[in-house]
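Trainee: Supplied in structure tokens, the structure appears directly below.
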Amino acid sequence: METIQHKNVVIGALVAVVAVLSALVIVTSIAQMYALTVGLILAQLVSLSAIGYVHIKSREQQNQLFCARLTVSKS
């Protein structure tokens, strides 16, 4: 159960990173720093991909725990 809570903390941190990057994208686009804007957008995409990866791994772990409970309860 600890690892699921740990993954929730990681997802929360990554969501905070995406929010900060979104604000920076707005500021850099207003300042017409296009190269930096593109770099920040790419960083957002990487962060969102990391969120998806952690979420998928957490879901797999939950499914394994559910299957283990079913196996134990049948015995």
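Trainee: Can you pull out every residue in region 55-75 that is polar (S, T, N, Q) and either open to solvent by less than 70 Å² (accessible area, probe 1.4 Å) or assigned to a helix (DSSP H, G or I) (or both)? Let's see the steps before the verdict.
Mentor: Going residue by residue through region 55-75, those that are polar (S, T, N, Q) are 58, 61-64, 71, 73, 75.
Within region 55-75, SER58, GLN61, GLN62, ASN63, GLN64, THR71, SER73 meet the criteria.
Trainee: Kindly provide the set of residues from region 1-54 that are outside any helix (DSSP H, G or I) and of a type in the set (Gly, Ala, Ser), ordered by number.
Mentor: ALA31
The values are calculated or read from the model by the stated rules, or taken from the named source; none is laboratory data. All values reported here derive from a predicted model rather than from experimental measurement. Quick note on the areas: whole protein, heavy atoms, side chains included, nothing else; ligands and nucleic acids left out. Shrake-Rupley method; radii C 1.70, N 1.55, O 1.52, S 1.80 Å.
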